[in-house]
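Structure record follows, encoded as C-alpha cells.
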Amino acid sequence: MIDSLGAFVPESEVNIAGAENGPLRGVTFAVKDIYDIAGHVTGCGNPDWARSHLPATTTAPVVQRLLDAGGYLVGKTITDELAYSLNGQNHHYGTPSNCNAPGRIPGGSSSGSASAVAGGLVDTALGSDTGGSIRTPGSYCGLFGLRPTHDRIPLEGIMPLAPSFDTIGWFARDAEMLRRVGEVLFEATAEGSVAPTRLLIAQDAFALADDAVQTALEPFVRLLEARLTAGETVVAGEPGGGLEEWMWRFRKIQAREIWSIHGEWIETHKPKFGAEIAERFAWAQTVDPQEAADASQARLGFTQRIEAMIPDGTLLCLPSAPGIAPMASASAESLREHRGSVLSLNAIAGLSGLPQITMPLATVAGCPVGLSLIGSRNSDMALLAFAESFTGKAGNGDSDPWIFKTGF
C-alpha cells in the first residue's frame, strides 16, 4: 500500500491477514503505534522509546479480536509522542495529512489512524482516547469515532498513559462500519439495550464553541430534538467552577498518573522529545501530588452528578471540538489556547468515564465539524445503533436529505 498521507509509521512493515471467515471479512484496518503486534516494536511515536524496547511477544487482545473476525491489518499508524498531545504533529515522524481540511492539523494523538481512515487508506483504525484522542481528530478529520465506557474493553498490550482515563477507540467513515467494529470489540449487539428517548443539551459546552460552529451544529441539534425530545438545557460543569476548572482537575490527575508510569523511563533514558511534548512532561513532573489527590476526590462527586444527569435512555449533546482544525502553521501559543477549550469539552466524558460518540455532521469554511453524544455507562452499543439510525436511513427506508456525507 502506498502511504500518500504520511499516516503510517515509516519502515514498519505490518501486514497480517485475518481469519478466512467472520463479520469483518474484507475489512482493512490499521492500529495506532501504542498497540502491541507480536514480532514488532511498539514505538509509541518516539525513536528513543522504540530503541529501548524489545519487539512485542504477543498481540494486543483487541487487535486479535479484529483479526479473528476477519479483519486485515495493513499497518501501524503514527501517534503523538507517548500519546501525550491533541495536535497530531510528531517531531520525529511528521504530521499526517488531514485530507478533509488541507493545511490543517489532523488532531492527536491518534493522528495517523484518523488520517488513514479519512483518506480511504483503510476502512477503520484503532486509536486511543485519554483526553480526547478519538473525539478531537474525529471532529477535525470528518469521521465517526467512539470513546467507549472506561474499563469496558480490556487494555492489555497497549501502552498506558493515564490509566484512570485511558480507553481504546476507533474511527470509521460511516456509522455502520463503526457499529460493526463495536460488535466485535464489545462482543455484543444493541439488542436488549435501552434505546435513547431523551435529549439534554450541554449549554456550557456549546458556549465554548466558536459562533460559526454553534451555527453549523444548530440544525442537527434541532433534528435530534425532533427524533427524541425537546432538548432540556443543562450545565455540565457546575458545581465546581465550570468546565475550565474541571479541565484543570482532569489535567492534574492525568499528569500525576503519566509521571508515575513514564517518569522513571524518562529520567533513565533522557529521550529527545519535540518541544511541545518535552514541555508537557516537564510540567507533569511538577504537579503537586496533593492537588492531584484533591482533584481525584472532587472527581467522584462530578461522576455521580453526571451519571445521575444521564440515566439509561438519555443522551447529552455537545460539540466534539470548539472549532475546526487549526492550521498546521499555527503558533504554539494559539494551539495551547485552543487545547484548553478542547480539553474542557472532553473532560465531561473523561472524568465521568461515560461513552461518547462523535458524528461528522457539519462544516465550517469547508472543514469538518463534529457533534457528540454522551450516553449512560455501558450504553455503548445503544449509542452506536442510535448514531447509525440517525445518520443513515429513516425508519421508512428513505434517506433523510440532511445526512452528512464524508468526503468534502
Please give the peptides 46-57, 77-88, 131-142, 365-376 ranked by average Cβ packing (other Cβ atoms within 10 Å per residue), highest first, as a rough proxy for protection. 131-142, 77-88, 365-376, 46-57
Given bins 10 angstrom wide, list per bin the percent of all Cα-Cα distances in the chain, short to long. 5, 25, 36, 26, 8, 1, 0
Three-way shape call for the range 304-369 based on the alpha-carbon gyration tensor, with the a/c threshold at 1.5: oblate
Return the whole-Å distance between the Cα centroid of the range 2-41 and the Cα centroid of the range 257-327. 28
Over the chain, the sum of -39500 (n - 2.57) across DSSP H runs of at least four, divided by residue number and rounded to 500 deg cm²/dmol, gives at 222 nm -12000 deg cm²/dmol
Calculate the spin-label point distance for residue 12 paired with residue 68, positioning each point 7 Å from the Cα along the beta-carbon direction, and give it in nanometres. 2.4
Amide H neighbours of residue 167 under 5 Å, at least 5 residues apart or on other chains, H built in the peptide plane: list them. 129, 130
Fraction of beta bridges assigned by DSSP in the chain that are antiparallel (%, nearest 5): 70
Simple label model, 7 Å out from Cα along Cβ direction - residue 265 to residue 212, nm: 3.9
Output the DSSP H helices from the chain with an along-axis C-alpha extent of no less than 20 Å and a mean Kyte-Doolittle hydropathy no less than -1.0. 211-227, 243-269, 289-309, 332-352
Once the other residues with Cβ under 13 Å from the Cβ of residue 323 are scored (Lys, Arg +1; Asp, Glu -1), what is the net sum? -1
The long-range amide H neighbours of residue 161, using H built 1.01 Å from N in the peptide plane and a cut-off of under 5 Å, are none
Within the range 309-333: backbone nitrogen closer than 12 Å to the residue 283 label point (7 Å, Cα to C-beta): 333
What does the highest-first list of 172-179, 344-351, 329-336, 233-240 look like by mean Cβ count within 10 Å? 344-351, 172-179, 233-240, 329-336
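Every number here is computed from the coordinates shown, using simple stated rules; none is lab data. This structure is a prediction, so every number in the text was calculated from the model and none was measured. Glycine gets a Cβ as well: all are built from the backbone with ideal geometry, and neighbour counts include every protein chain shown.
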